[in-house]
Amino acid sequence: MPDRFLPSEFIVNVDHQRCRRCKRCILNCGFGVFDFQNMTTADSSKCVACHRCVVFCPEEAITITRNPLAFREHASWDVGLRKAIWKQAQSPGMILTGMGNDKPWLNIFDHLLIDACQVTNPSIDPLREPMELRTYLGRKPARLEIEYDSQGKPVLRGAVENNIMINVPIIFSGMSYGSISLNAQRAIAIAAERLGTLMNTGEGGLHEELYPYANHIIVQCASGRFGVHSKYLNAGVAVEIKIGQGAKPGIGGHLPGEKIGREVSGTRMIPQGTDALSPAPHHDIYSIEDLRQLIYALKEATGYKPVSVKIATVHNVAAIASGIARAGADMIYLDGFRGGTGASPAIVRDHVGIPIEIAIAVVDEQLRSEGIRNMVSIIAAGGIRSSADVVKAIALGADAVAIGTAALVAMGCRLCQKCYTGNCSWGIATQRPELTSRLDPDWGAERLVNLVNSWSLEVKEVLGALGINAIESLRGNRDRLRSLGLDPATNEVLGVRPAGM
Amino acid sequence: MDGVRQASRSEEEVKVAELDARGIHYKELNEKIRSLIESGYEEIVLNGVNGQRYIGDGLVHNVRIVINGVPGNDLGAFMDGPRIVVNDNAQDGVGNTMNSGVIVVRGHAGDVIGYGMRSGKIFIRDDVGYRTGIHMKSYREQVPVIVVGGRAGDFLGEYMAGGIIVVLGLSSDSKDLVGHYTGTGMHGGVIYLAEEIDESKLGSEVRIFQADKTDIERLNALLAEFSDLTGLDVSKVDPRSFVKLLPVSHRPYGNMYVY
Ligand code: SF4
Ligand code: SF4
């Protein structure tokens, strides 16, 4: 019997008339598609359509097409389902995948429309007037009490909690060293510093080389406690307790031993070559009271730096968020079910959790109704693809958004979803030195800075159209959103009226 | 400083401060401890401790803290260096994610002892609760150690990735040495038990072996240190009768996936 039932997903074609046999494709492909025997040959079965070869072939000799092989069509048995069965019938195990949910679920952002001023209320021209995108992350006082000193000058009474100032309401999401390369993390760190915003270590510790950027870094404390020690906790501007991740709510993580080389092992502080297993829960957190205990343990260990709690958006997200706020967190990081990952079982990535749009709206609403919205900043992530998504997320109730996949795409990622293989041809989701060395951190940083600056311009433009001059005034301002094509129940959950109403 | 009595043990010329912890909130207590360390005290004696959490949390100093009374949860969490002695019972979360140092409890301790600890030693004279030593890990020359004089509850050494756990079973009650699910998901390190236990208590990722010569040497050294620090008589304990639990695989979940 044949070893594999699976036909190649893509067909790689080398135009031998054009090919000048420079072998660049052989060097560039992380998946070993190309070979050279008198002429350039390609093994299509290995191709993941990451396009590295296409971009780097000097002769444009390579084309990659979807394998046109016709599968007998069947409305309820799509090809993906059949392929999964073939794989699992061949060797037992869960189907592993990378990146974010690729299933065609309804994308609510694409069904929300933004308002603008016409005639009766003037819009603002961002070219002429200052537009404020600056955002403060952290706990705000319930009310400000002001006294007047002897000169009659107002002074604030009482202490205000530590807040982190970011110049744009866009931060970089947690992507660990191990899941991505050090060069990718360097690029993000440099960009965060230049932009006056933040990056997040993910759960892999902080490499020595990134300590100089610590004023722009949130350090994560996840269930495996990899690389977590006093110096690390005190290095960043805030600590994040990672409870869950949008791409894999409720499950732990397994970074396979092959990816734990010398450097990664040093940053995670575990031996080389062993699997880095993150337990599904933190075993010191089985309740909101336990969460409070860890939040304050971290505050005590860091001189009361702000603590963020990252959760995957699940059905009960509003009640959970309320508990997190009351447990003493300064920020709640909501990661929607479209969030990316270095590796996740496909069943979890594709079927567990709820969309970020819904989560932002219900969490914001719940915290407001309890009168505790000021206690936490909400950071929304997991499916932010554009400046329009940024505006909509903030209008739904977020204080800021975090981008992960968008940042990787800016640095070359083609969403091939093979991050878990460690062969990323773009030098991002890999630790192979010949692959990581091709990602120049300065080049990557420049692209990230360009991207975020572009989005900032667009956000300002839309704010102007809305007649708003500060991003703060957009926060939770759902009245400036309308939905198109959403059902009444979803509209109600979102707190958004349909267009025309 | 309020409530601080200064003294010095002249034989060793150690600068000692005594502090009355009664009625002081943990935040203030920890601030006081930090400022005493900054003023050069090498030993701090806390009297009247009654449930204050986070004592010694995140400290990176080479200081000795003596606790008279029962400290609250997360004693010595994230700590990196200090030596803490508790002359009473301790609660949950002792040595949570600690990086180095020594914690001695001359009594019982609660749940989640030494979670994710990477180095240093925890000596508990009597029993410990559930989830002791979960996800302990070693790194380079750092090898964390937990020695329990009494018995341990369920989930001992779950997900353990490195380090050493020893359970002596010297409790007065006749319950089993360890609870259920011992060593579940274990993929590194070693658990030593003073007596053979039923396989039904074990996670499927570990197997029972007899202690060999190197183990016995290692155990003798640890027992001497344990007895010295906790004051428990271990003369009746014979390392030659110990068993050890080792993981069957360093990659217990390596075959769970298809691509
Ligand atoms: S990179 Fe293009 S030109 Fe060079 S060997 Fe490959 S197909 Fe030929
Ligand atoms: S990071 Fe690399 S491996 Fe992952 S989807 Fe992007 S291109 Fe593919």
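The values are calculated or read from the model by the stated rules, or taken from the named source; none is laboratory data. As the structure is a prediction and not an experimental result, all values here were calculated from the model. Heads up, the Cβs are rebuilt from the backbone with ideal geometry, glycines too, and the neighbour counts pull from every protein chain shown. To get the accessible areas, we keep the full protein, side chains included, count just its heavy atoms, and leave off ligands, DNA and RNA. Shrake-Rupley method; radii C 1.70, N 1.55, O 1.52, S 1.80 Å.
Of B:G120, B:G179, B:G162, B:G183, all but one fail to be of a type outside the set (D, E, K, R) and either assigned by TED's automatic domain parsing to the domain that holds B:F78 or within 12 Å of the chain's Cα centre (by Cα) (or both); the exception is B:G120. Pairing each residue of the stretch A:5-27 that is away from ligand 2 (no atom under 16 Å from the Cβ) with any residue that is open to solvent by 80 Å² or more (accessible area, probe 1.4 Å) and assigned to a loop (DSSP other than H, G, I, E, B), provided the two are 6+ apart or on different chains, yields C-beta distances under 7 Å for A:P7/A:L69; A:R18/A:E60.
Hey, any hits in the stretch B:156-166 for a residue that's within 19 Å of B:G107 (Cα to Cα) and either surrounded by fewer than 24 Cβ atoms within 10 Å (Cβ to Cβ) or within 14 Å of chain A (Cβ to nearest Cβ) (or both)? Taking every residue of the stretch B:156-166 in turn, at least one turns out to be within 19 Å of B:G107 (Cα to Cα) and either surrounded by fewer than 24 Cβ atoms within 10 Å (Cβ to Cβ) or within 14 Å of chain A (Cβ to nearest Cβ) (or both).
So in the stretch A:251-278, with the set limited to residues that are of a type in the set (K, R) and more than 9 Å from chain B (Cβ to nearest Cβ), which one is nearest to A:S176 (Cα to Cα)? Spell out the reasoning first.
Applying the first criterion (of a type in the set (K, R)) to the stretch A:251-278 yields A:259, A:262, A:268.
Adding the requirement that they be more than 9 Å from chain B (Cβ to nearest Cβ) leaves A:259, A:262.
Details: A:K259: 12, A:R262: 15 Å.
Taking the candidates together, the pick is A:K259.
Only one entry in A:A343, A:A361, A:A280, A:A319 is open to solvent by less than 10 Å² (accessible area, probe 1.4 Å) and among the aliphatic types (A, V, I, L, M), namely A:A361.
Considering the stretch A:279-317, and only residues there that are in a loop (DSSP other than H, G, I, E, B) and free of Cβ contacts under 8 Å to residues at least 40 places away in the same chain, the residue that is nearest to the other protein chains (Cβ to nearest Cβ) turns out to be A:D284. Just one of (1) among the aliphatic types (A, V, I, L, M); (2) assigned to a loop (DSSP other than H, G, I, E, B); (3) over 18 Å from B:V16 (Cα atoms) fails for B:I55. It is (3). Among the residues of the stretch A:190-214 satisfying the criterion of being under 15 Å from the mean Cα position of the chain (by Cα) and among the aliphatic types (A, V, I, L, M), which is farthest from A:M411 (Cα to Cα)? Going through the qualifying residues, I end up with A:L198. When B:V178, B:V147 are checked against the criterion of being away from every other protein chain (no Cβ under 14 Å), surrounded by 21 or more Cβ atoms within 10 Å (Cβ to Cβ) and part of a loop (DSSP other than H, G, I, E, B), a single residue qualifies: B:V178. Out of A:L69, A:L27, one residue alone is over 30 Å from A:G495 (Cβ atoms), within 16 Å of ligand 1 (Cβ to nearest atom) and open to solvent by 80 Å² or more (accessible area, probe 1.4 Å). It is A:L27. Residues that are surrounded by fewer than 24 Cβ atoms within 10 Å (Cβ to Cβ) and either under 13 Å from B:R131 (Cβ atoms) or under 9 Å from the mean Cα position of the chain (by Cα) (or both) within the stretch B:88-103 comprise B:D92, B:V102, listed in sequence order. The set of residues from the stretch A:487-501 being of a type in the set (A, V, I, L, M, F, W, C), more than 15 Å from A:I360 (Cβ to Cβ) and either part of a strand (DSSP E or B) or touching a residue at least 60 places away in the same chain (Cβ under 8 Å) (or both) comprises just one member, A:A499. Of the numbered criteria (1) under 22 Å from A:L291 (Cβ atoms); (2) in a helix (DSSP H, G or I); (3) β-branched (V, I, T), the one A:I190 fails is (1).
Counting only residues that are open to solvent by 40 Å² or more (accessible area, probe 1.4 Å) and not small (G, A, S), the stretch A:84-108 holds 12 of them.
Within the stretch B:45-74, the set of residues being in contact with a Gly (Cβ under 8 Å, 6 or more places away or on another chain) and away from chain A (no Cβ under 14 Å) comprises B:L46, B:N47, B:G48, B:V49, B:N50, B:I65, B:N68, B:G69, B:V70. Considering the stretch A:405-445, the residues that are within 17 Å of the chain's Cα centre (by Cα) and more than 10 Å from ligand 2 (Cβ to nearest atom) include one that is farthest from the other protein chains (Cβ to nearest Cβ), namely A:A445. Name the residues in the stretch B:77-112 that are within 10 Å of chain A (Cβ to nearest Cβ) and assigned to a loop (DSSP other than H, G, I, E, B), would you? Selection gives B:A77, B:F78, B:M79, B:D92, B:G93, B:N96, B:T97, B:M98, B:N99, B:D111, B:V112.
Of everything in the stretch A:200-218 that is of a type in the set (S, T, N, Q) and not in a strand (DSSP E or B), the residue that is most open to solvent (accessible area, probe 1.4 Å) is A:N215. Just to be sure I understand, how many residues within the stretch B:205-224 are among the β-branched types (V, I, T) and over 26 Å from A:L277 (Cβ atoms)? So the answer is 2. Scanning the stretch B:238-259 for residues that are of a type in the set (F, W, Y) and at the interface with chain A (Cβ under 7 Å from one of its Cβ atoms) turns up B:Y253, B:Y257, B:Y259. Within the set B:E42, B:E38, the sole residue that is open to solvent by 30 Å² or more (accessible area, probe 1.4 Å), more than 14 Å from chain A (Cβ to nearest Cβ) and over 25 Å from B:V234 (Cβ atoms) turns out to be B:E42.
Conditions (1) surrounded by fewer than 24 Cβ atoms within 10 Å (Cβ to Cβ); (2) in a strand (DSSP E or B); (3) more than 16 Å from ligand 1 (Cβ to nearest atom), marked per residue:
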position: A:I384; (1), (2), (3): no, no, yes
position: A:A388; (1), (2), (3): yes, no, yes
position: A:K392; (1), (2), (3): no, no, yes
position: A:A398; (1), (2), (3): no, no, yes
position: A:A402; (1), (2), (3): no, yes, yes
position: A:L415; (1), (2), (3): yes, no, yes
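Please tell me if A:E9 is open to solvent by 70 Å² or more (accessible area, probe 1.4 Å), near ligand 1 (Cβ under 10 Å from one of its atoms), not assigned by TED's automatic domain parsing to the domain that holds A:Y420 and not aliphatic (A, V, I, L, M). The answer is no for A:E9. Annotation note: of B:G114, B:G58, B:G51, B:G72, the sole residue that is touching a strand residue (DSSP E or B) at 6+ places or on another chain (Cβ under 9 Å) and not assigned by TED's automatic domain parsing to the domain that holds B:V16 is B:G114. Of the residues A:K153, A:K140, the single one that is surrounded by 12 or more Cβ atoms within 10 Å (Cβ to Cβ), out of contact with any Gly (no Cβ under 9 Å at 6 or more places or on another chain) and either modelled with pLDDT under 95 or over 24 Å from A:V228 (Cβ atoms) (or both) is A:K140.
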